[in-house]
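Report on one structure; see the data block that follows.
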Amino acid sequence: MSFLNRFRLNNVWLSIDKIVRLIIATSLILLISYGNANADKSGIIKIPLHNWSSQIVGAQIVGELMKMIGEKVEYIRTDSKKVYQLMADGDIDLVHAIWEPAFGEYYDKAKAAGGIEEILTHEAITREEWWYPDYVEQICEGLPSWKALAKCSSKFARTDSDGKGIFIGGPKNWLKHNVERIEALKMDFVVKHVSSVGALWAELDMAISQKKPIVVYNWIPNFVSEKYSGKFIKFPSYDIRCTTDPSWGLNPSALYDCGNPESSYLKLAVNKDFEKNHPKGYALIKQINFTGQDINKMAYYVDALGLEVSIAVQKWLTEHKSKWSRWVQN
Ligand code: TMO
(Lines give C-alpha, C1' and ligand atoms only; values in the text may rest on other atoms or scores of the structure.)
Protein backbone atom coordinates (compact mmCIF):
# COMPACT_ATOMS: atom_id res chain seq x y z
CA MET A 1 0.00 0.00 0.00
CA SER A 2 1.45 3.39 -0.97
CA PHE A 3 2.00 5.99 1.66
CA LEU A 4 -0.74 8.14 0.15
CA ASN A 5 -3.25 5.28 0.19
CA ARG A 6 -2.40 4.42 3.74
CA PHE A 7 -2.72 8.08 4.65
CA ARG A 8 -6.20 8.23 3.06
CA LEU A 9 -7.23 5.04 4.77
CA ASN A 10 -6.05 6.38 8.11
CA ASN A 11 -8.05 9.51 7.48
CA VAL A 12 -11.15 7.47 6.77
CA TRP A 13 -10.67 5.52 9.99
CA LEU A 14 -10.09 8.72 11.86
CA SER A 15 -13.36 10.21 10.65
CA ILE A 16 -15.24 6.97 11.36
CA ASP A 17 -13.75 7.10 14.83
CA LYS A 18 -14.97 10.68 15.19
CA ILE A 19 -18.44 9.79 14.02
CA VAL A 20 -18.64 6.87 16.44
CA ARG A 21 -17.54 9.12 19.30
CA LEU A 22 -20.10 11.70 18.29
CA ILE A 23 -22.86 9.07 18.24
CA ILE A 24 -21.85 7.79 21.67
CA ALA A 25 -21.73 11.31 23.08
CA THR A 26 -25.15 12.25 21.71
CA SER A 27 -26.75 9.04 22.93
CA LEU A 28 -25.30 9.68 26.36
CA ILE A 29 -26.76 13.18 26.41
CA LEU A 30 -30.10 11.82 25.21
CA LEU A 31 -30.01 9.06 27.80
CA ILE A 32 -29.28 11.51 30.59
CA SER A 33 -32.09 13.84 29.62
CA TYR A 34 -34.44 10.87 29.15
CA GLY A 35 -33.47 9.68 32.64
CA ASN A 36 -34.24 13.11 34.02
CA ALA A 37 -37.61 13.23 32.32
CA ASN A 38 -38.37 9.87 33.93
CA ALA A 39 -37.39 11.06 37.38
CA ASP A 40 -40.68 12.94 37.37
CA LYS A 41 -39.78 16.58 37.54
CA SER A 42 -43.30 17.29 36.32
CA GLY A 43 -44.74 17.20 39.83
CA ILE A 44 -47.74 15.29 38.52
CA ILE A 45 -48.68 11.92 40.00
CA LYS A 46 -49.22 9.49 37.14
CA ILE A 47 -51.84 6.84 37.93
CA PRO A 48 -52.66 3.97 35.54
CA LEU A 49 -56.15 2.99 34.37
CA HIS A 50 -56.78 -0.59 33.22
CA ASN A 51 -59.80 -2.40 31.84
CA TRP A 52 -62.00 -3.51 34.74
CA SER A 53 -64.31 -1.28 36.75
CA SER A 54 -63.08 -1.64 40.33
CA GLN A 55 -59.59 -0.68 39.16
CA ILE A 56 -60.79 2.30 37.14
CA VAL A 57 -62.93 3.62 39.99
CA GLY A 58 -60.34 2.84 42.69
CA ALA A 59 -57.55 4.56 40.78
CA GLN A 60 -59.64 7.73 40.57
CA ILE A 61 -60.61 7.55 44.22
CA VAL A 62 -56.89 7.51 45.04
CA GLY A 63 -56.44 10.37 42.56
CA GLU A 64 -59.21 12.44 44.17
CA LEU A 65 -57.66 11.93 47.60
CA MET A 66 -54.30 13.08 46.20
CA LYS A 67 -55.94 16.23 44.83
CA MET A 68 -57.48 16.95 48.24
CA ILE A 69 -54.00 17.23 49.74
CA GLY A 70 -52.81 19.46 46.90
CA GLU A 71 -51.11 16.98 44.56
CA LYS A 72 -51.60 17.10 40.80
CA VAL A 73 -52.81 13.91 39.12
CA GLU A 74 -52.80 12.49 35.62
CA TYR A 75 -54.52 9.22 34.61
CA ILE A 76 -52.84 7.13 31.94
CA ARG A 77 -54.46 4.18 30.12
CA THR A 78 -51.95 1.41 30.60
CA ASP A 79 -51.61 -2.30 29.87
CA SER A 80 -52.12 -4.16 33.14
CA LYS A 81 -49.13 -6.47 32.57
CA LYS A 82 -46.68 -3.78 31.49
CA VAL A 83 -47.61 -1.36 34.26
CA TYR A 84 -45.11 -2.79 36.77
CA GLN A 85 -42.12 -2.16 34.53
CA LEU A 86 -43.52 1.29 33.72
CA MET A 87 -43.72 1.98 37.46
CA ALA A 88 -40.14 0.78 37.98
CA ASP A 89 -39.06 3.10 35.13
CA GLY A 90 -40.94 6.08 36.61
CA ASP A 91 -43.46 6.43 33.77
CA ILE A 92 -46.17 5.51 36.29
CA ASP A 93 -45.97 6.63 39.94
CA LEU A 94 -48.19 4.14 41.73
CA VAL A 95 -50.29 1.02 41.31
CA HIS A 96 -53.01 1.06 43.94
CA ALA A 97 -54.34 -2.49 43.43
CA ILE A 98 -51.89 -5.24 42.49
CA TRP A 99 -53.85 -8.49 42.07
CA GLU A 100 -51.63 -11.43 42.89
CA PRO A 101 -53.55 -14.05 40.88
CA ALA A 102 -53.53 -12.01 37.70
CA PHE A 103 -50.32 -10.02 37.83
CA GLY A 104 -48.18 -11.22 40.76
CA GLU A 105 -45.57 -12.66 38.40
CA TYR A 106 -45.14 -9.39 36.52
CA TYR A 107 -45.00 -7.37 39.71
CA ASP A 108 -42.40 -9.66 41.31
CA LYS A 109 -40.21 -9.51 38.24
CA ALA A 110 -40.28 -5.72 37.95
CA LYS A 111 -39.76 -5.32 41.70
CA ALA A 112 -36.78 -7.69 41.74
CA ALA A 113 -35.01 -5.48 39.19
CA GLY A 114 -35.31 -2.44 41.51
CA GLY A 115 -37.21 0.80 41.04
CA ILE A 116 -40.30 -0.13 43.07
CA GLU A 117 -41.16 0.41 46.73
CA GLU A 118 -43.89 -1.83 48.11
CA ILE A 119 -46.13 0.15 50.46
CA LEU A 120 -48.83 -2.16 51.80
CA THR A 121 -51.14 -5.12 51.49
CA HIS A 122 -54.85 -4.17 51.52
CA GLU A 123 -57.27 -5.90 53.84
CA ALA A 124 -59.13 -7.22 50.77
CA ILE A 125 -58.18 -10.73 49.78
CA THR A 126 -58.52 -11.73 46.17
CA ARG A 127 -59.52 -14.84 44.30
CA GLU A 128 -60.00 -15.51 40.60
CA GLU A 129 -61.63 -18.65 39.31
CA TRP A 130 -64.25 -20.23 37.05
CA TRP A 131 -67.69 -19.34 38.36
CA TYR A 132 -71.33 -20.24 37.65
CA PRO A 133 -74.73 -18.95 38.83
CA ASP A 134 -76.46 -21.34 41.26
CA TYR A 135 -79.24 -22.52 38.89
CA VAL A 136 -76.55 -24.25 36.79
CA GLU A 137 -76.37 -26.89 39.55
CA GLN A 138 -79.78 -28.10 38.39
CA ILE A 139 -78.46 -28.56 34.86
CA CYS A 140 -75.14 -30.13 35.82
CA GLU A 141 -75.25 -32.44 38.79
CA GLY A 142 -72.30 -32.59 41.15
CA LEU A 143 -71.11 -28.98 40.85
CA PRO A 144 -68.99 -27.26 42.04
CA SER A 145 -66.63 -30.20 41.46
CA TRP A 146 -64.52 -29.76 38.30
CA LYS A 147 -64.98 -33.43 37.52
CA ALA A 148 -68.75 -32.96 37.45
CA LEU A 149 -68.25 -29.94 35.18
CA ALA A 150 -66.01 -31.97 32.87
CA LYS A 151 -68.70 -34.66 32.61
CA CYS A 152 -71.34 -32.08 31.65
CA SER A 153 -69.14 -30.41 29.02
CA SER A 154 -71.64 -30.92 26.21
CA LYS A 155 -74.29 -28.95 28.12
CA PHE A 156 -72.02 -25.91 27.87
CA ALA A 157 -71.55 -26.35 24.11
CA ARG A 158 -72.72 -23.77 21.57
CA THR A 159 -73.44 -24.09 17.89
CA ASP A 160 -69.90 -23.03 16.97
CA SER A 161 -67.98 -25.08 19.54
CA ASP A 162 -67.89 -28.50 17.92
CA GLY A 163 -69.67 -30.16 20.82
CA LYS A 164 -67.10 -28.89 23.31
CA GLY A 165 -68.14 -26.96 26.38
CA ILE A 166 -67.47 -23.21 26.33
CA PHE A 167 -65.75 -21.44 29.16
CA ILE A 168 -66.06 -17.66 28.91
CA GLY A 169 -62.62 -16.28 29.77
CA GLY A 170 -61.53 -12.68 30.26
CA PRO A 171 -59.68 -10.61 27.67
CA LYS A 172 -56.67 -12.41 26.16
CA ASN A 173 -54.07 -10.18 27.79
CA TRP A 174 -54.85 -11.41 31.30
CA LEU A 175 -52.50 -14.06 32.55
CA LYS A 176 -54.80 -16.95 33.41
CA HIS A 177 -53.56 -20.26 31.99
CA ASN A 178 -57.12 -21.48 31.40
CA VAL A 179 -56.24 -23.04 28.07
CA GLU A 180 -53.35 -24.92 29.69
CA ARG A 181 -55.55 -26.04 32.57
CA ILE A 182 -58.24 -27.42 30.27
CA GLU A 183 -55.57 -29.42 28.46
CA ALA A 184 -53.80 -30.56 31.62
CA LEU A 185 -57.07 -31.81 33.15
CA LYS A 186 -58.23 -33.22 29.80
CA MET A 187 -61.54 -31.37 29.94
CA ASP A 188 -63.66 -31.23 26.82
CA PHE A 189 -63.84 -27.43 26.96
CA VAL A 190 -62.59 -24.49 24.92
CA VAL A 191 -61.97 -20.94 26.10
CA LYS A 192 -63.93 -18.14 24.51
CA HIS A 193 -61.94 -14.99 25.20
CA VAL A 194 -64.03 -11.83 25.33
CA SER A 195 -62.83 -8.55 23.87
CA SER A 196 -63.62 -6.53 26.97
CA VAL A 197 -64.79 -7.05 30.52
CA GLY A 198 -68.14 -5.53 29.56
CA ALA A 199 -68.57 -8.39 27.09
CA LEU A 200 -67.88 -10.87 29.89
CA TRP A 201 -70.74 -9.49 32.00
CA ALA A 202 -72.99 -9.26 28.94
CA GLU A 203 -72.48 -13.02 28.42
CA LEU A 204 -73.33 -13.63 32.06
CA ASP A 205 -76.44 -11.42 32.07
CA MET A 206 -77.72 -13.01 28.88
CA ALA A 207 -77.27 -16.59 30.16
CA ILE A 208 -78.89 -15.73 33.49
CA SER A 209 -81.88 -14.06 31.86
CA GLN A 210 -82.47 -17.26 29.86
CA LYS A 211 -81.39 -19.66 32.64
CA LYS A 212 -78.86 -21.22 30.31
CA PRO A 213 -75.80 -23.14 31.51
CA ILE A 214 -72.75 -20.89 31.71
CA VAL A 215 -69.34 -20.92 33.35
CA VAL A 216 -67.37 -17.67 33.30
CA TYR A 217 -64.18 -16.16 34.62
CA ASN A 218 -64.96 -14.25 37.79
CA TRP A 219 -63.15 -12.95 40.82
CA ILE A 220 -63.61 -11.44 44.23
CA PRO A 221 -63.86 -8.66 45.22
CA ASN A 222 -66.27 -7.84 42.41
CA PHE A 223 -69.91 -6.87 41.90
CA VAL A 224 -71.01 -10.31 40.68
CA SER A 225 -71.49 -11.95 44.07
CA GLU A 226 -73.42 -8.86 45.20
CA LYS A 227 -75.81 -9.18 42.29
CA TYR A 228 -76.13 -12.93 41.68
CA SER A 229 -75.68 -16.02 43.83
CA GLY A 230 -73.25 -18.55 42.49
CA LYS A 231 -70.09 -20.50 43.19
CA PHE A 232 -66.54 -21.00 42.09
CA ILE A 233 -65.68 -24.35 40.49
CA LYS A 234 -63.63 -26.53 42.81
CA PHE A 235 -60.50 -27.58 40.95
CA PRO A 236 -57.67 -29.63 42.51
CA SER A 237 -56.21 -27.38 45.22
CA TYR A 238 -53.49 -24.98 44.23
CA ASP A 239 -49.87 -25.70 45.06
CA ILE A 240 -46.91 -23.65 43.80
CA ARG A 241 -45.46 -26.83 42.25
CA CYS A 242 -48.53 -27.00 40.04
CA THR A 243 -47.13 -24.03 38.08
CA THR A 244 -43.47 -25.06 38.16
CA ASP A 245 -43.22 -28.86 38.19
CA PRO A 246 -45.08 -30.87 35.53
CA SER A 247 -44.70 -34.11 37.51
CA TRP A 248 -46.76 -32.66 40.37
CA GLY A 249 -50.52 -33.23 40.36
CA LEU A 250 -53.03 -35.31 38.44
CA ASN A 251 -51.31 -34.97 35.09
CA PRO A 252 -47.66 -36.07 35.46
CA SER A 253 -46.55 -34.31 32.29
CA ALA A 254 -48.34 -30.95 32.47
CA LEU A 255 -48.34 -27.73 34.47
CA TYR A 256 -51.59 -26.05 35.60
CA ASP A 257 -53.45 -29.22 36.58
CA CYS A 258 -54.90 -27.34 39.58
CA GLY A 259 -57.14 -24.40 40.48
CA ASN A 260 -56.05 -20.88 41.38
CA PRO A 261 -55.12 -20.06 44.99
CA GLU A 262 -58.20 -19.48 47.15
CA SER A 263 -56.86 -16.40 48.84
CA SER A 264 -54.31 -14.05 47.35
CA TYR A 265 -53.03 -10.58 48.14
CA LEU A 266 -54.01 -7.16 46.87
CA LYS A 267 -51.02 -4.82 47.24
CA LEU A 268 -50.12 -1.21 46.69
CA ALA A 269 -46.70 -0.08 45.46
CA VAL A 270 -45.01 3.09 44.20
CA ASN A 271 -41.99 4.10 42.14
CA LYS A 272 -38.90 4.20 44.36
CA ASP A 273 -38.62 8.00 44.01
CA PHE A 274 -42.23 8.63 45.02
CA GLU A 275 -41.38 9.60 48.59
CA LYS A 276 -38.80 12.12 47.34
CA ASN A 277 -40.96 13.48 44.49
CA HIS A 278 -44.29 13.57 46.34
CA PRO A 279 -43.77 13.62 50.13
CA LYS A 280 -47.40 14.59 50.82
CA GLY A 281 -48.70 11.94 48.47
CA TYR A 282 -46.39 9.43 50.10
CA ALA A 283 -47.76 10.17 53.58
CA LEU A 284 -51.29 9.67 52.24
CA ILE A 285 -50.62 6.51 50.29
CA LYS A 286 -49.27 4.78 53.41
CA GLN A 287 -52.69 5.21 55.07
CA ILE A 288 -54.79 3.68 52.34
CA ASN A 289 -56.44 0.32 52.99
CA PHE A 290 -59.29 -1.07 50.90
CA THR A 291 -61.45 -3.94 52.16
CA GLY A 292 -63.13 -6.48 49.91
CA GLN A 293 -66.40 -4.63 50.45
CA ASP A 294 -64.81 -1.34 49.31
CA ILE A 295 -63.69 -2.94 46.05
CA ASN A 296 -67.03 -4.75 45.58
CA LYS A 297 -68.77 -1.41 45.65
CA MET A 298 -66.38 0.26 43.20
CA ALA A 299 -67.33 -2.46 40.70
CA TYR A 300 -71.00 -2.59 41.69
CA TYR A 301 -71.69 1.10 41.09
CA VAL A 302 -70.49 0.84 37.50
CA ASP A 303 -71.23 -2.75 36.43
CA ALA A 304 -74.48 -3.33 38.31
CA LEU A 305 -75.93 0.17 38.78
CA GLY A 306 -74.61 1.47 35.47
CA LEU A 307 -73.20 4.70 36.90
CA GLU A 308 -70.60 6.78 35.07
CA VAL A 309 -67.13 6.29 36.52
CA SER A 310 -66.90 9.87 37.80
CA ILE A 311 -70.25 9.49 39.56
CA ALA A 312 -69.19 6.15 41.04
CA VAL A 313 -66.01 7.78 42.37
CA GLN A 314 -68.02 10.56 44.04
CA LYS A 315 -70.56 8.08 45.42
CA TRP A 316 -67.87 5.95 47.01
CA LEU A 317 -66.21 9.04 48.49
CA THR A 318 -69.51 10.35 49.86
CA GLU A 319 -70.40 7.02 51.44
CA HIS A 320 -66.98 6.35 52.98
CA LYS A 321 -66.00 9.76 54.25
CA SER A 322 -65.27 8.59 57.78
CA LYS A 323 -62.79 6.12 56.35
CA TRP A 324 -60.77 8.26 53.96
CA SER A 325 -60.90 11.47 55.98
CA ARG A 326 -58.44 9.82 58.39
CA TRP A 327 -56.14 9.00 55.48
CA VAL A 328 -55.90 12.59 54.25
CA GLN A 329 -55.32 14.14 57.70
CA ASN A 330 -51.73 13.01 58.11
C1 TMO B 1 -57.41 -8.40 37.90
N2 TMO B 1 -58.64 -9.07 37.45
C3 TMO B 1 -59.50 -9.25 38.62
C4 TMO B 1 -59.35 -8.29 36.47
O5 TMO B 1 -58.28 -10.20 36.91
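The values are calculated or read from the model by the stated rules, or taken from the named source; none is laboratory data. This structure is a prediction, so every number in the text was calculated from the model and none was measured. No Cβ is skipped: glycine too gets one built from the backbone with ideal geometry, and neighbour counts run over all protein chains shown.
Tally up the residues in segment 292-330 that are surrounded by fewer than 16 Cβ atoms within 10 Å (Cβ to Cβ) and in contact with a Pro (Cβ under 8 Å, 6 or more places away or on another chain), please.
Residues meeting the conditions: 1.
Output yes when any residue across segment 108-116 is more than 20 Å from Ile44 (Cα to Cα), in contact (Cβ under 8 Å) with a residue 24 or more places away in the chain and of a type in the set (Asp, Glu), and no when none is. Quick ask: steps written out before the conclusion?
Restricting attention to segment 108-116, the residues satisfying the condition of being more than 20 Å from Ile44 (Cα to Cα) are 108-114.
Within this subset, residues satisfying the condition of being in contact (Cβ under 8 Å) with a residue 24 or more places away in the chain are 109-111, 113-114.
Now drop any that are not of a type in the set (Asp, Glu), which leaves none.
There is no residue in segment 108-116 that is more than 20 Å from Ile44 (Cα to Cα), in contact (Cβ under 8 Å) with a residue 24 or more places away in the chain and of a type in the set (Asp, Glu).
For segment 272-291, how many residues are crowded, with 16+ Cβ neighbours inside 10 Å and in a helix (DSSP H, G or I)?
7
Could you run through segment 161-182 and say how many residues are of a type in the set (D, E, K, R) and over 22 Å from Val197 (Cβ atoms)?
So the count comes out to 2.
Has segment 130-144 got any residue that is on the phi > 0 side of the Ramachandran plot and out of contact with any helix residue (DSSP H, G or I) (no Cβ under 9 Å at 6 or more places or on another chain)?
As a first pass, look at segment 130-144 and keep what is on the phi > 0 side of the Ramachandran plot: 142.
Checking which are out of contact with any helix residue (DSSP H, G or I) (no Cβ under 9 Å at 6 or more places or on another chain) leaves us with none.
Within segment 130-144, none of the residues are on the phi > 0 side of the Ramachandran plot and out of contact with any helix residue (DSSP H, G or I) (no Cβ under 9 Å at 6 or more places or on another chain).
Looking at Glu137, Glu128, Glu123, which is the one that is assigned to a loop (DSSP other than H, G, I, E, B) and farther than 24 Å from Ser42 by Cβ? Reasoning before the result, please.
Values: Glu137 fails: assigned to a loop (DSSP other than H, G, I, E, B); Glu128 fails: assigned to a loop (DSSP other than H, G, I, E, B).
Selected residue: Glu123, the only one of Glu137, Glu128, Glu123 that is assigned to a loop (DSSP other than H, G, I, E, B) and farther than 24 Å from Ser42 by Cβ.
Pull out all pairs, ordered by first then second residue, where Cβ-Cβ is under 8 Å, the residues are six or more apart or on different chains, the first lies in segment 214-235 and is more than 18 Å from Gly306 (Cα to Cα), and the second is more than 16 Å from the ligand (Cβ to nearest atom) and of a type in the set (S, T, N, Q).
These pairs meet every condition: Ile233/Ser145; Lys234/Ser145.
Within segment 244-271, restricting attention to residues that are without any contact (Cβ under 8 Å) to a residue 60 or more places away in the chain and polar (S, T, N, Q), which residue is nearest to the ligand (Cβ to nearest atom)?
Result: Thr244.
Give the residue that is nearest to Val62 (Cα to Cα), with candidates limited to residues of segment 246-271 that are surrounded by 15 or more Cβ atoms within 10 Å (Cβ to Cβ) and of a type in the set (A, V, I, L, M, F, W, C). Quick ask: steps written out before the conclusion?
Taking segment 246-271 and keeping what is surrounded by 15 or more Cβ atoms within 10 Å (Cβ to Cβ), we get 246, 248-249, 251, 254-261, 264-271.
Narrowing the set further to residues that are of a type in the set (A, V, I, L, M, F, W, C) leaves 248, 254-255, 258, 266, 268-270.
Details: Trp248: 42, Ala254: 41, Leu255: 38, Cys258: 35, Leu266: 15, Leu268: 11, Ala269: 13, Val270: 13 Å.
Looking at the filtered set, the residue picked out is Leu268.
Determine if segment 72-91 includes at least one residue that is within 13 Å of Ile285 (Cβ to Cβ), surrounded by fewer than 21 Cβ atoms within 10 Å (Cβ to Cβ) and more than 12 Å from the ligand (Cβ to nearest atom).
yes
Between Gly259, Gly306, Gly292, which is assigned by TED's automatic domain parsing to the domain that holds Gly90, within 30 Å of Leu185 (Cβ to Cβ) and out of contact with any helix residue (DSSP H, G or I) (no Cβ under 7 Å at 6 or more places or on another chain)? Show your work before the answer.
On the way: Gly259 fails: assigned by TED's automatic domain parsing to the domain that holds Gly90; Gly306 fails: within 30 Å of Leu185 (Cβ to Cβ).
Going through Gly259, Gly306, Gly292 in turn, the sole match is Gly292.
Working carefully through the options Glu141, Glu64, Glu137, Glu129, find the one that is under 27 Å from Val302 (Cβ atoms), modelled with pLDDT of 95 or more, of a type outside the set (A, V, I, L, M) and surrounded by fewer than 20 Cβ atoms within 10 Å (Cβ to Cβ).
Values: Glu141 fails: under 27 Å from Val302 (Cβ atoms); Glu137 fails: under 27 Å from Val302 (Cβ atoms); Glu129 fails: surrounded by fewer than 20 Cβ atoms within 10 Å (Cβ to Cβ).
Exactly one residue qualifies, and that residue is Glu64.
Inspect segment 194-209 for any residue being assigned by TED's automatic domain parsing to the domain that holds Ala157, within 15 Å of the ligand (Cβ to nearest atom) and part of a strand (DSSP E or B) and give the result as yes or no. Full working, then the answer.
Restricting attention to segment 194-209, the residues satisfying the condition of being assigned by TED's automatic domain parsing to the domain that holds Ala157 are 194-209.
Applying the additional criterion that residues be within 15 Å of the ligand (Cβ to nearest atom) yields 194-201, 204.
Next cut, part of a strand (DSSP E or B) only: none.
No, segment 194-209 contains no residue that is assigned by TED's automatic domain parsing to the domain that holds Ala157, within 15 Å of the ligand (Cβ to nearest atom) and part of a strand (DSSP E or B).
Has segment 148-160 got any residue that is away from the ligand (no atom under 16 Å from the Cβ) and closer than 22 Å to Asp303 by Cα?
Taking every residue of segment 148-160 in turn, none turns out to be away from the ligand (no atom under 16 Å from the Cβ) and closer than 22 Å to Asp303 by Cα.
I'm trying to understand the selection: among the residues of segment 161-193, which are away from the ligand (no atom under 16 Å from the Cβ), small (Gly, Ala, Ser) and surrounded by 20 or more Cβ atoms within 10 Å (Cβ to Cβ)?
Gly165, Ala184
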